[in-house]
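For reference, the structure discussed in these notes is given below.
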Amino acid sequence: MSFPNRRLRRLRKSQALRRLVAETRLSVDDLVAPLFVREGIDSPIPIPSLSGIQQHTRQSLVEEVKHLHSLGVPGVILFGIPKQKDPQGSEAWNPEGIVQLALQDCRDAIGQDMVLIADLCIDEYTDHGHCGVVGEDGSVDNDQTITIYGKIAQAQARAGADIVAPSGMMDGQVRAIRDALDADNFQEVAILAYSAKYASGLYGPFRDAVDVTIADGGDRKTYQQDWRNGREALAEIRADEEEGADMIMVKPATPYLDIITEARKITDLPIAAYHVSGEYAMIKAAASQNLIDGDTVALEQLTAIKRAGADFILTYLTKEIAESL
Ligand code: PBG
């Protein structure tokens, strides 16, 4: 019998054929590793909710970056855990702050061979755990916060960041950061805007990783996006592009593939997707109970993110995927 669509089956016959006609290819070039560096520790500390991921010392961070480079990974994004937290998050722009020191260490060790991205936010640095400064009425003060973001961008640029990545979802943050960078002669430092960032339940393990608890059982729903909204994400992306973003991000990734696909239609900027801590932890937890094959699901999810339209992916899977590819 001859069906008109037999062709579809024919092209799945062998691995070689499938390889030839694959529409989407996942490569090590697509991956960015999120890395944590903690001030004041003597040896790396495993993060229980993110199996295989650690809080690094300055030294072990450099070793990890070199290892990732040897695997062909093009970039890393750094998160810092300071010893001291305060209401303003002042360690975030201290020239001797942990991320600034780590950026310099990595730059010294690796030169221009790897893209160094600095997450730009204050939640890891504030004692209340919000991404912005909290005003007298208890709400996050947008405009005061973006002035602080400008200072952080300058400190990170001075320490050697190629890219700063504001993740706080304050209005006007991209323009404030661009202006601050340009004013300090860092025209070449790029901005990767976390443009469409949802108030997701999938950030839990990350908050363990950076020792963040939001004060008074609070949440981020007044500044991060409501997951019921899709069009709003496109408005966020357009606004960030207008303000001067060089790349935009959708976060988390797998529950928001529709957003990635829609974003692809409205912007020519590179699109990043963040496969976040909860997405990673779910794969690891299910695999550890033999409910799924973790390696297969990892490849499947990352490939789907690319298929949806992302150009690159921030993922805790970077090292293991790079080792396997
Ligand atoms: C904020 C920030 C968060 C993540 C990256 N940057 C947490 C948050 O918004 O609460 C989460 C990343 C992840 O879950 O892997 N600085």
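The values are calculated or read from the model by the stated rules, or taken from the named source; none is laboratory data. It should be emphasised that the depicted structure is a prediction, and the values quoted were computed from it without experimental measurement. Here the Cβ is made from the backbone with ideal geometry for all residues, glycine too, and neighbour counts use every protein chain on show. Calculation scope for accessible area: heavy atoms of the full protein, side chains included, ligands and nucleic acids excluded. Shrake-Rupley method; radii C 1.70, N 1.55, O 1.52, S 1.80 Å.
Odds and ends about this structure:
- Full extension of the chain segment joining Val28 with Asp311 gains 100.7 nm, where the gain is 0.36 nm per residue of separation less the Cα-Cα distance.
- Each Lys and Arg Cβ is given +1 and each Asp and Glu Cβ -1; about its Cα centre, the chain then shows a dipole of about 2160 debye.
- Cα lying deepest toward the dipole's positive end in the chain, options Phe206, Thr145, Gln187, charges on Cβ: Phe206
- In percent, rounded to a whole number, the relative contact order of the chain is 18, using alpha-carbon pairs under 8 Å and six or more apart.
- Between 0 and 90°, nearest 10: helix 257-266 axis offset from the chain longest Cα axis: 80 degrees
- Panel note: the C-alpha atoms of the stretch 52-91, placed on their principal axes, show extents of 40, 17, 17 Å (largest first).
- Over the stretch 41-135, the fraction of Cα-Cα pairs per 5 Å bin, rounded to whole percents and listed from the shortest bin up, is 3, 13, 21, 22, 21, 13, 6, 2, 0, 0.
- In straight-distance terms, cross-link reach from Lys284 covers every one of the lysines whose alpha-carbon lies under 30 Å from its own, apart from those fewer than eight places away in the same chain; here that gives Lys66, Lys83, Lys197, Lys221, Lys251, Lys306, Lys319.
- The stretch 124-279, accessible area per residue, ligands and nucleic acids excluded (1.4 Å, Å²): 41 Å²
- Counting only the Cα atoms, the stretch 79-163 fills a convex hull of 75 Å³ per residue.
- Ranked by solvent-accessible area (1.4 Å probe, protein heavy atoms only, all chains present), the residues Phe79, Phe186 order from largest to smallest as Phe186, Phe79.
- Where the Cα pairs of the stretch 225-325 fall when distances are cut into 10 Å bins, in %: 15, 45, 28, 11, 1
- Convex hull volume per residue, computed on the Cα atoms of the chain, equals 153 Å³.
- With respect to the chain, whose longest principal axis is taken over its alpha-carbon atoms, helix 58-70 is tilted by about 30°.
- Summing charges over all other residues whose Cβ lies under 11 Å from the Cβ of Asp30, with Lys and Arg as +1 and Asp and Glu as -1, gives 0.
- Folded to 0 to 90 degrees: helix 142-158 orientation relative to the chain principal axis, Cα: 80 degrees
- Convex hull per residue volume in Å³, alpha carbons only, for the stretch 105-210: 121 Å³
- The listed residues Arg38, Arg58, once ranked by accessible area (1.4 Å probe) with the largest placed first, stand as Arg58, Arg38.
- Per atom type, the chain shows carbon and sulfur on 48% of its accessible surface, probed at 1.4 Å.
- Point-to-point label distance, Trp227-Leu8, nm (Cα→Cβ direction, 7 Å offset): 3.0 nm
- Compared with the direct C-alpha span, the chain from Arg19 to Ala215 gains 65.5 nm at full extension, assuming 0.36 nm per residue.
- Extension gain from Ser288 to Asp143, taking 0.36 nm per residue of separation minus the Cα-Cα distance: 47.7 nm
- Estimated [θ] at 222 nm from DSSP helical runs (n ≥ 4, -39500 (n - 2.57)) normalised by residues in the chain, nearest 500: -12000 deg cm²/dmol
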